[in-house]
1. With respect to I124, is the statement that it is assigned to a loop (DSSP other than H, G, I, E, B), modelled with pLDDT of 95 or more and touching a strand residue (DSSP E or B) at 6+ places or on another chain (Cβ under 7 Å) true?
2. Looking only at region 146-182, filter to residues that are in contact with a strand residue (DSSP E or B) (Cβ under 8 Å, 6 or more places away or on another chain) and of a type in the set (K, R); which one of those is nearest to E109 (Cα to Cα)?
3. Run I263 past the list (1) surrounded by fewer than 17 Cβ atoms within 10 Å (Cβ to Cβ); (2) not in a helix (DSSP H, G or I) and report the number of the one that doesn't hold.
4. Return yes or no: is I163 in contact with a helix residue (DSSP H, G or I) (Cβ under 7 Å, 6 or more places away or on another chain) and open to solvent by less than 60 Å² (accessible area, probe 1.4 Å)?
5. Could you check region 55-67 and list, in sequence order, the residues that are of a type outside the set (S, T, N, Q) and either open to solvent by 30 Å² or more (accessible area, probe 1.4 Å) or part of a helix (DSSP H, G or I) (or both)?
6. From (1) open to solvent by less than 10 Å² (accessible area, probe 1.4 Å); (2) under 24 Å from N290 (Cα atoms); (3) not in a loop (DSSP other than H, G, I, E, B), pick out the condition that doesn't hold for F52.
7. Inspect region 224-231 for any residue being at pLDDT 95 or above and surrounded by fewer than 22 Cβ atoms within 10 Å (Cβ to Cβ) and give the result as yes or no.
8. Quick check on region 183-223: of everything there that is within 26 Å of the chain's Cα centre (by Cα) and of a type in the set (F, W, Y), which residue is most open to solvent (accessible area, probe 1.4 Å)?
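The values are calculated or read from the model by the stated rules, or taken from the named source; none is laboratory data. In this text the structure is predicted, and so the values were computed from the model without any measurement. Every residue, glycine as well, gets a Cβ built from its backbone with ideal geometry; the counts of neighbours run over all protein chains shown. Please note that ligands, DNA and RNA were not included when accessible areas were found on the heavy atoms of the full protein model with its side chains. Shrake-Rupley method; radii C 1.70, N 1.55, O 1.52, S 1.80 Å.
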Amino acid sequence: MGFHNIINLITTSFLSVAAISIKDAAKDFRIGVATNSMRFNDDAYIRATKKFNYMVAENGCKLSSIQPWKGFYMYYDCDAHLAKAEELGMAFRGHCLIWHSYQPQWFQEITDPQEMENTIVDHITNVLNHYKGKIDTWDVVNEAIDDESTGEDGTWDMRDSFIYRALPNFVDIAFQTARKVDPSVKLFYNDYDIEGDDIRDGKKANSVYNFVKDMVERGIPIDGVGIQYHLHTDKIVTYENVMKNIRRFNDLGLEVQITEMDINSVEGNTEEAFDLQAKLYGEALKACLNSENCTGFIIWGVGDGDSWRREGYPLTFNSNYTPKPAYYALLNTLKEYKNITIDEGETGDTESIDDNKDDDTTEADDHTDDVENETPENVEEDEDNDLENAEEDEDNETPENVEEGGDNEADDDSEADDDTEAEDDTETEDEDNGKGNGKGNGKGNGKGNGKGNGKGNGKGNGKGNGKGNGKGNGKGNGKGNDKGNGKGNGKGNGKGKW
C-alpha cells in the first residue's frame, strides 16, 4: 500500500470517528461493552466506554459480588455499574444470577437439595426485586452444559457442577423463580462455544439448542440465548454458520444476543491479526443485524489491557483506548446497515480521537506505530520496567491507592465466561501522590514506548508512574505509544491521576 493510500486510510478513519460514534450509528440497536467499576475514574476508559450504548458488569452483578456471605447482600458494585450506565446514557444488561464458577465457599459447600433450592430462590428473588424496573434483561443461568456434550439425537449433557450435583433441576427452578419475581424482565441462558458448526464441530451448539428447545416445549420461561462468541484467530466461525445458528433459535421464538465477544490473537500484536479481528467482529455484528431475533451485541471489555485475555489483544480498543481496526469494522457495519453517511450529524457523543490525546495518546497512527515498534522483546522490557516502576512507587503508595484486581477466569480452552476478569495490575488512583517534577513512566531522556523524548504517564511537571522527566518502556528516542517530554495522564504542576 502506498504512502498516500495509508494517509488517506488514516484520515478517513479519523474523520469517521470524529463525525459519528458507534453509539450514534447504532441508533436503537444495543451494542456495548463489559465494564469494571475500578476503571471508572479513568477518563480515557470512560471516553471509550461511552462510544457505545449498552453496558454489562464484568463481575459486579454476579452472586459472588452481591452475596459474598450467605444472606448478606451487597449491591454497591452492581449499583455503581448501573449508575454509570445511566450517567452515560447507556442501557444496562444483568449478568448473571446463577453460575457454577468463581463462587464463594459457602455456596460451593451446599450439598442438600432443599438448601440449594432455597439459596437459588432467595438470591434470585432478592436481586430481581432490587433491580425491578431498572434492568430489563438478565442472564439467569450461565454455562450449565458440559463442554463435551455431543448433542446427538436431540440430547445434551449437563455440566457436573456442585450446583447440578445438589439440585439437578436447578435451571428450571432458576428460570421459574425469575419469571415469578419479575414477569417483565427478559430471561436468557448464556454459554460459550455455541456460535456454530465451526466450533467443537457444532456439538456443543447442538446440545445447547436441544437443551433450550426442551425448556420451551416444557413451558419453562425463557426469552433468549446469549452466545458468548469468544474466538481465537486460529479458531473462527463463518458468517453463514452463525446465521444458521441464530435462525434456529428464532424458530423457537427466542431472542439471541452476542454477549461476550472477544478475539484472542494467537499471533500477537500484528497488523494481519488485527485485520482478521476486524473482519470477524464485522461479520459477527452483520450476522446479528441481519437476524430479526438478535437484539444486542456486547464486547467483553473496553481496552486490551482490561481483558482477561490481555496478552491476545482481543478487543476493539488498545490499552491506551485508541480505536483498533475492529472498532472501525463495527462502526462501518452499523453505518452501512443504518444507511448513515459520514456527513450526518451526531446525536450524542461529540468527541473525536483528538479529544483523547492529552490522556491516552490516541493518535490516528497509533496502530501503525504499535505494529512497527512493539515486538516480543519490547513487551518483555515493558514488564521489567513496570516492575522497576512499581518498586520506585512503593514509598508513595498506600492501601487506599492500590486497586485490587478481579478474579481470573477459566483458561482459554474452557473459555468459562471470561466472566473472568483478568487480574488487574495494581494501580494507584489518587491525585497528587508523586514527588518533585513529575513522577513519569521512565527515567532519563526517553526510555520508553514513546515518541520524541519519552512520554510517561504524566504531562509537563505532572505525575506519572516513574521518576524524572519521562521514563517509558523502551529505549532511546524511539517511536512508540507516547509522544512528548513527559506527557501522560496528569497535567500541570503535580496534579495527575497517579
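1. Values: assigned to a loop (DSSP other than H, G, I, E, B): no; modelled with pLDDT of 95 or more: yes; touching a strand residue (DSSP E or B) at 6+ places or on another chain (Cβ under 7 Å): yes.
So I124 does not fit the description; no.
2. R159
3. For I263, the exception is condition (1).
4. Numbers: in contact with a helix residue (DSSP H, G or I) (Cβ under 7 Å, 6 or more places away or on another chain): yes; open to solvent by less than 60 Å² (accessible area, probe 1.4 Å): yes.
Criteria met by I163.
5. We begin by selecting, within region 55-67, every residue of a type outside the set (S, T, N, Q); these are 55-58, 60-63, 66.
Residues satisfying the conditions are L63, I66.
6. (3)
7. Step one: filter region 224-231 for residues at pLDDT 95 or above, giving 224-231.
Among the residues that remain, those that are also surrounded by fewer than 22 Cβ atoms within 10 Å (Cβ to Cβ) are: none.
No, region 224-231 has no match at all.
8. Only one residue fits best here, namely Y209.
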